[in-house]
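Accompanying notes for the structure given below.
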Amino acid sequence: MKNNCRILWLLLSLFLLGFEGCVLSSSQKLEGDSKDYSAKISNSLVPVSVNNKVKIMTTFLPIYWFTRAVAGDLAEIEVLVPPGIEIHHYQITPENIKKLALANILVKNGLGLEKFLDGAVKSSENKGLHIIDASRGINPLNPIDPLETTGKHYDKSHHHTGGNPHVWLDPILVIQQVNNIRDGLITVDPKNKSSYQDNASAYIKELLNLHSAFQQRLQNHAIDMSCKFITFHDAFPYLAKRYSLEQVVIVELPEEQLSPHELKKVVNTVKKYQVKALFGEFGIDNKLLNNLAKDLNITLLYLDSLELGDKNPLYYFQGMHANLENLASACK
């Protein structure tokens with residue numbers, strides 16, 4: 001009987017020890033899981049760039065292209081104004097401000113283009129944000145007031161306070177923008193200096209090739225200033241000045257239908273300058289221009305202001321070569 005009691009007592013002791021071990025193990029596991037979970041929550045609240053890359057916000061497509069060309073894959077780059085959205089009337093969004101709050105660098109065109117940035121940087125409360133003005137050191141041309149308008153329809157909201165900002169349509173001025181972007185990236189991220197320099201040099205080489213192509217195709221017309229063109233947007237004075245073309249007038253058209261009196265005024269303006277072609281733009285309704293070209297029996301061509309397009313940095317060259325072909329056609 002005593003032996004049986006001893007055996008039972010021994011089994012009970014072993015059971016209690018095992019139970020205590022299970023409780024301790026479960027307690028330790030819960031404590032460990034709690035620590036892991038707390039760490040995950042803590043980490044999720046810290047804005048960390050993937051692979052610790054520099055986070056860059058750019059304002060619109062041309063600045064995105066140039067920044068991407070210089071930074072390559074060394075940075076996370078986003079664009080504030082979505083592709084397909086016209087920059088001149090863009091309004092900043094709460095999502096934009098959130099992105100600015102998490103960025104290391106903001107790259108802008110400058111020259112008064114990005115009106116939507118007014119107050120946005122301050123609202124982001126990002127005291128460490130480094131701002132690169134891509135047009136730093138560029139002497140701006142004055143905004144072009146339309147020499148001929150249709151009167152009451154003229155919209156002054158398209159005017160820019162810092163001079164004409166469309167410097168990205170001159171390949172030589174783009175070189176200066178690329179250099180400014182390169183220098184700004186090196187300031188913030190000096191460890192990748194050599195890569196930024198190499199990338200910028202490669203892109204500048206392509207810009208010089210583009211410049212040479214414009215010179216060769218348009219040089220005969222530049223000598224005698226025989227190439228006159230009329231546009232309906234003040235985006236092209238830098239391009240015209242660089243290659244000695246004559247942008248003779250800006251004609252402002254309303255978005256709605258022209259009255260007979262207004263149509264006659266525009267027709268007389270076009271006849272006055274004896275141009276061979278009218279230039280519309282991609283991304284806008286060119287119905288009025290089509291009708292006007294038919295009435296005047298002249299060609300309607302297109303110049304791309306490159307404010308819309310693909311996010312591939314090489315799209316810039318595609319668009320500029322198309323502009324060159326259309327200018328050359330108009331100058332024949």
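Here are a few things to note about the model shown:
Residue-wise test of (1) at pLDDT 95 or above; (2) among the acidic types (Asp, Glu); (3) under 30 Å from residue 265 (Cβ atoms).
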site	(1), (2), (3)
115	no, no, no
146	no, no, yes
166	yes, no, yes
196	yes, no, no
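- Residue list for region 89-136, restricted to those being among the aliphatic types (A, V, I, L, M) and either within 16 Å of residue 64 (Cβ to Cβ) or assigned by TED's automatic domain parsing to the domain that holds residue 233 (or both): 100, 103, 105, 106, 107, 113, 117, 131, 132, 134
- Residue within region 257-279 that is modelled with pLDDT of 90 or more and of a type in the set (Lys, Arg) present: no
- Residues of region 203-219 satisfying the condition of being in contact (Cβ under 8 Å) with a residue 40 or more places away in the chain and of a type outside the set (Lys, Arg): 203, 206, 210, 211, 213, 214, 218
Residues are listed down the side, and each one gets a yes or a no for (1) at pLDDT 95 or above; (2) in the same structural domain as residue 112 (by TED's automatic domain parsing); (3) closer than 17 Å to residue 309 by Cα; (4) more than 10 Å from the chain's Cα centre (by Cα):
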residue	(1), (2), (3), (4)
54	yes, yes, no, yes
58	yes, yes, yes, no
61	yes, yes, yes, no
64	yes, yes, yes, no
70	yes, yes, no, yes
76	yes, yes, no, yes
87	no, yes, yes, no
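- Here residue 297 meets each of (1) crowded, with 16+ Cβ neighbours inside 10 Å; (2) out of contact with any Gly (no Cβ under 6 Å at 6 or more places or on another chain); (3) not basic (Lys, Arg) with one exception, condition (1).
- Hey, residue 303 out of contact with any Ser or Thr (no Cβ under 7 Å at 6 or more places or on another chain) and of a type outside the set (Gly, Ala, Ser) or not: no
- Helices (runs of 4 or more DSSP H) wholly inside region 258-332 that include at least 2 residues being under 30 Å from residue 78 (Cα atoms), in contact (Cβ under 8 Å) with a residue 24 or more places away in the chain and touching an Asp or Glu at 6+ places or on another chain (Cβ under 9 Å): 315-330
- Every listed requirement among (1) surrounded by 20 or more Cβ atoms within 10 Å (Cβ to Cβ); (2) at pLDDT 80 or above is met by residue 204 save one, (1).
- Residues located in region 78-98, provided they are within 11 Å of residue 116 (Cβ to Cβ), of a type outside the set (A, V, I, L, M) and in a loop (DSSP other than H, G, I, E, B): 90, 91, 93
- Within region 117-144, being in contact with a strand residue (DSSP E or B) (Cβ under 9 Å, 6 or more places away or on another chain), within 27 Å of residue 183 (Cα to Cα) and modelled with pLDDT under 90 holds for no residue.
- Matching residues in region 183-201 - criterion: being surrounded by fewer than 17 Cβ atoms within 10 Å (Cβ to Cβ) and hydrophobic (A, V, I, L, M, F, W, C): 188
- Taking first residues from region 186-201 that are of a type outside the set (Val, Ile, Thr) and partners that are assigned to a loop (DSSP other than H, G, I, E, B), the Cβ contacts under 7 Å between residues at least 6 apart in sequence or on separate chains come to 192/74; 195/72; 195/74; 199/72.
- Hits in region 48-72 (condition: in a loop (DSSP other than H, G, I, E, B) and touching a Lys or Arg at 6+ places or on another chain (Cβ under 8 Å)): 49, 59
- Residue within region 242-251 that is modelled with pLDDT of 75 or more, in a helix (DSSP H, G or I) and buried (at least 17 other Cβ atoms within 10 Å of the Cβ) present: yes
The values are calculated or read from the model by the stated rules, or taken from the named source; none is laboratory data. Here the structure is a predicted model, which means the values were calculated and not measured. Cβ atoms come from the backbone with ideal geometry, glycine included; neighbour counts cover every protein chain shown.
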